[in-house]
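Trainee: Okay, handing you the structure first.
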């Protein structure tokens, strides 16, 4: 079955550690996204990538880094510079239709808790 | 400033009634608007898309309207069921930009 797989589903980070969240898709989508979700707020865009080896900052990129070496994979690293990393992280992809439409396909999310 | 709001954080309705959820936005000119359903601890799932030149879209028990003059979209679930209980997110897409999501409305359908 085609879809997006995020791992791990739950992650606990100690102070002073970088963590990397995995996102893999087999939908053959060009565009991939990382969102952060906090209670009472809409999804906020961290980074996105329209094609392999290219990515752009979203609205809240500070303290995060990404790579896009393969079409299928878009890992997110939460670095020490991220002051409040506890959140629910969602990866998504879509066919790169630009302004023509097309929905986002989401993974099941990764919940990161800083101890 | 740009803003996207959903009418209420939570909405309770009786089974069988029509649920109406509201999405309002300011200072955006969206190419289209989408509605997603999100269950607790899960990723959102796409439901419907409506374009700026469309007034209404339907899919089974779901109906979406889009009024670009009022800068508002309404999302209706007719003959609601307890299984419809979830959080519903609206998302608008600006030309040449990315999706912007509202905070969501948590719908509870009471048996």
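Read the figures in this text as sums done on the coordinates, not as results from a lab. In this text, all values refer to a predicted model and were calculated from it rather than measured experimentally. Glycine also receives a Cβ, built like all others from the backbone with ideal geometry; neighbour counts cover every protein chain displayed.
Trainee: Please arrange B:51, A:36 by counting, for each residue, the other beta carbons lying within 10 Å of its beta carbon, fewest first. Could the numbers behind the result be given before it?
Mentor: Details: B:51 14, A:36 23.
Going from sparsest to densest Cβ surroundings: B:51, A:36.
Trainee: Using Cα pairs closer than 8 Å and at least 6 residues apart in sequence, work out the relative contact order for chain A, in percent.
Mentor: Working: 290 pairs, mean separation 39.8, N = 115.
RCO, chain A: 35 percent.
Trainee: Students often check this: by mean Cβ neighbours within 10 Å, which of B:37-47, B:82-92 ranks highest, and how do the rest follow? Provide the component values of the computation, followed by the final result.
Mentor: Numbers: B:37-47: 16.6, B:82-92: 19.5.
Descending mean neighbour count gives B:82-92, B:37-47.
Trainee: Quantify how strongly other chains surround peptide B:33-43 by giving the mean number of their Cβ atoms within 10 Å of each of its Cβ atoms. Don't skip to the answer; put the middle values down first.
Mentor: Numbers: counts 0, 4, 1, 4, 0, 5, 0, 0, 6, 5, 15.
That average works out to 4.
Trainee: Using a ≥ b ≥ c from the Cα gyration tensor of segment B:25-80 (square roots of the eigenvalues), is it rounded, prolate or oblate, where a/c under 1.5 gives rounded and otherwise the larger of a/b and b/c decides, a/b for prolate? Mind showing how you got there, number by number?
Mentor: Details: a/c = 2.19, a/b = 1.40, b/c = 1.57.
Oblate, because a/c is 1.5 or more while a/b does not exceed b/c.
Trainee: Take the alpha-carbon centre of segment B:1-27, take the same for segment A:11-77, and report the distance between them in whole Å.
Mentor: Distance between centres, Cα-based: 28 Å.
Trainee: Considering the zone a paramagnetic label at residue B:14 would reach in this model (a point 7 Å from Cα along the Cα-to-Cβ line), which residues of segment B:74-94 have amide N under 19 Å from it?
Mentor: Inside the label zone: B:77-85.
Trainee: How high is the FRET efficiency between residue B:26 and residue B:51 when r is their beta carbon distance and R₀ equals 25 Å, given to the nearest 0.05?
Mentor: It comes out at approximately 0.80.
Trainee: How large is log10 I(q)/I(0) at q = 0.19 Å⁻¹ when the Debye formula is applied to the Cα atoms of segment A:71-115, each weighted equally and without solvent?
Mentor: Results for segment A:71-115 at q = 0.19 Å⁻¹ read -0.75.
Trainee: Still on this model: Take the alpha-carbon positions of chain B, form their convex hull, and give its projected area averaged over all directions (one quarter of the hull surface) in nm².
Mentor: Working: hull surface 27.1 nm².
Seen from a random direction, the Cα hull of chain B projects 6.8 nm² on average.
Trainee: Based on the mean of other Cβ atoms within 10 Å per residue, sort peptides B:10-16, A:59-65 so the most packed one is first. Spell out each step's value before the answer.
Mentor: Working: B:10-16: 12.9, A:59-65: 15.4.
Ranked from most to least packed, the peptides come out as A:59-65, B:10-16.
Trainee: Could you give me the percent of Cα pairs per 5 Å distance bin for the protein assembly as shown, shortest bin first, beginning at zero and ending with the bin that holds the maximum distance?
Mentor: Taking all Cα pairs of the protein assembly as shown, the binned fractions are 1, 7, 15, 18, 19, 16, 12, 8, 3, 1, 0 percent.
Trainee: Within 10 Å of each Cβ in peptide B:91-99, how many partner chain Cβ atoms are there on average? Round it to a whole number, please. Show your work: numbers first, answer last.
Mentor: Details: counts 4, 0, 5, 1, 2, 2, 2, 8, 10.
Across the residues of B:91-99, the mean count of other-chain Cβ atoms within 10 Å is 4.
Trainee: Separation between the residue A:67 and residue A:51 pseudo-spin-labels, each 7 Å from Cα along Cα→Cβ, expressed in nm?
Mentor: Going by the 7 Å Cα→Cβ label model, 2.1 nm.
Trainee: Could I get the Rg over Rh figure for segment A:1-65? Both from C-alpha atoms, Rh via Kirkwood, rounded to two places.
Mentor: Numbers: Rg = 13.2 Å, Rh = 13.6 Å.
Result: Rg/Rh = 0.97.
Trainee: Of A:68, A:44, how do they rank once you tally other Cβ atoms within 10 Å and put the fewest first?
Mentor: Working: A:68 19, A:44 16.
Taking fewest neighbouring Cβ atoms as first place, the list is A:44, A:68.
Trainee: Could you give the nm distance between label points at residue A:81 and residue A:22, where each point is 7 Å from its Cα heading toward the beta carbon?
Mentor: A separation of 2.6 nm, rounded to one decimal place.
Trainee: Next up: Return the Rg/Rh ratio of chain A with Cα-based radii and a Kirkwood Rh. Walk me through the intermediate numbers first.
Mentor: On the way: Rg = 13.5 Å, Rh = 14.1 Å.
That ratio equals 0.95.
Trainee: Ignore the peptide's own chain and count Cβ atoms of other chains within 10 Å of each Cβ in A:31-40; give me the average, rounded. Intermediate results must be reported in sequence, preceding the final value.
Mentor: Values: counts 1, 0, 2, 0, 4, 0, 7, 1, 3, 3.
Average neighbour count from other chains, rounded to a whole number: 2.
Trainee: I would also like to ask the following. Using a 10 Å cut-off around each Cβ, can you sort A:14, B:63, A:9 from fewest to most neighbouring Cβ atoms? Before the final figure, lay out each step's value.
Mentor: Numbers: A:14 8, B:63 18, A:9 11.
Ordered from fewest to most neighbouring Cβ atoms within 10 Å, A:14, B:63, A:9 come out as A:14, A:9, B:63.
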